[in-house]
Amino acid sequence: ELLESLGRQIGMALENIRLFEETRVLSLHDPLTGLANRRHLEIAYSNLQARTSRSQQPFGLILLDIDHFKRFNDTYGHPEGDQLLIRVAEQLRQCLRSTDLAVRFGGEEFMLLVADSQTEQLFALADRIRNLLQQDLAITASFGLACYQADETLSQMTERADEALYRAKHAGRNRVMLAQEEVIG
C-alpha cells in the first residue's frame, strides 16, 4: 500500500510538472502558429536590449504583413486563411537563426526580432523572405524594418518599423522599406 501511494504521488507530481511546462509554453506562444507571442517578444526584447548595452551588438526588427489577407479569407475561407498563417510561420522559422525570434504580432502581421544584424543584413533577410513567400506560397507581403537605437523602447522601435511598413503598403505592396533614418551602406 505504501508503494502504491508513493507511486500515485510521484505520478501526480510528474503530471503537475508536465502541466506547468505546457502552461508556460502556451503563455509565451501563439496557439495557431506556434510562434512567440507579444509576452515572449517583450522578454526577448529586454534581453537583447541589455545585451546590446553591454556588447554593442546591433539588432533589428522586421514587421511584415501579408498583402490582401482579407481578400484571401473572403475567397478561400477562414480555415484556409489559418492554414496560410501556419505555412507563413513555418517559412519564417526556416529563415531564422536560433538567436532570432519570430512573433505572431496580430492577425496577419508578424514580427522578427533579429540579433546581431545591421541594416544590410535585415534588408537582405526581409527581401529573401518576401521572395520565398511569393515563390513557395504564391502570396505577397510588405515589410518595414528598423535597427535598434540606444535606449529605444520596443514600442518606439515597433512604431518606426510600422511606419516603414505603411509606406511599403502605399508604395504598391510586396516590398521592403526601411525606417526613415535607416540607410544601407
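When the chain is treated as a Gaussian network with alpha carbon springs shorter than 10 Å, the biggest mean-square fluctuation among Asn16, Asn37, Asn131 belongs to Asn16. Springs between Cα atoms under 10 Å define the GNM used for the chain, and in it the highest mean-square fluctuation of Ala126, Ala50, Ala138 occurs at Ala138.
Each of Arg18 and Thr99 was given a label point 7 Å from its Cα along the Cα-to-Cβ line. The distance between the two points is 3.7 nm.
Computed about the Cα centre, the dipole magnitude for the stretch 43-171 is approximately 200 debye when only Lys and Arg (+1) and Asp and Glu (-1) carry charge, each at its Cβ. How would you classify the stretch 1-109 from its alpha-carbon gyration tensor, with a ≥ b ≥ c the square roots of the eigenvalues: rounded for a/c under 1.5, else prolate if a/b is greater than b/c, otherwise oblate? Oblate, because a/c is 1.5 or more while a/b does not exceed b/c. For the chain, modelled as a GNM whose springs connect Cα atoms under 10 angstrom apart, the maximal fluctuation among Asp30, Asp116, Asp151 occurs at Asp151. The angle separating the long axis of helix 119-137 from the principal Cα axis of greatest extent in the chain is about 80 degrees.
Our helix-only sum for the chain, with -39,500 (n - 2.57) per DSSP H run of n ≥ 4 divided by its residues, gives a mean residue ellipticity at 222 nm of -19500 deg cm²/dmol. Rolling a 1.4 Å probe over the protein heavy atoms gives the chain an accessible area of 56 Å² per residue. Can you give me the relative contact order of the chain as a percent, contacts being Cα pairs under 8 Å and 6 or more apart? Reported relative contact order: 24 percent.
Just how far, in whole angstrom, is the stretch 142-185 from the stretch 84-112 if you go by their alpha carbon centroids? Rounded to whole Å, the Cα centres lie 17 Å apart.
A simple packing score, the average count of other Cβ atoms within 10 Å per residue, orders the peptides 1-12, 139-150 as 139-150, 1-12, with the highest score first. As a fraction of the 1.4 Å probe accessible area of the chain, surface on carbon and sulfur atoms comes out at 53 percent.
With the simple model of a label 7 Å out from the Cα in the direction of the Cβ, Asp136 to Ile184 spans 2.1 nm. Under 5 Å between amide hydrogens, built in the peptide plane, is the criterion, and for His29 it picks out Asn37 among residues at least 5 positions away or on other chains.
What is the angle, in °, between the Cα long axis of helix 154-170 and the longest principal axis of the Cα atoms in the chain? Nearest 10 is fine, range 0 to 90. Helix 154-170 sits at roughly 50 degrees to that axis.
The values are calculated or read from the model by the stated rules, or taken from the named source; none is laboratory data. All values reported here derive from a predicted model rather than from experimental measurement. Here Cβ is always computed from backbone atoms with ideal geometry, including for glycine, and neighbour counts include all displayed protein chains. Just the protein is used for accessible areas: all its heavy atoms, side chains included, with ligands, DNA and RNA removed. Shrake-Rupley method; radii C 1.70, N 1.55, O 1.52, S 1.80 Å.
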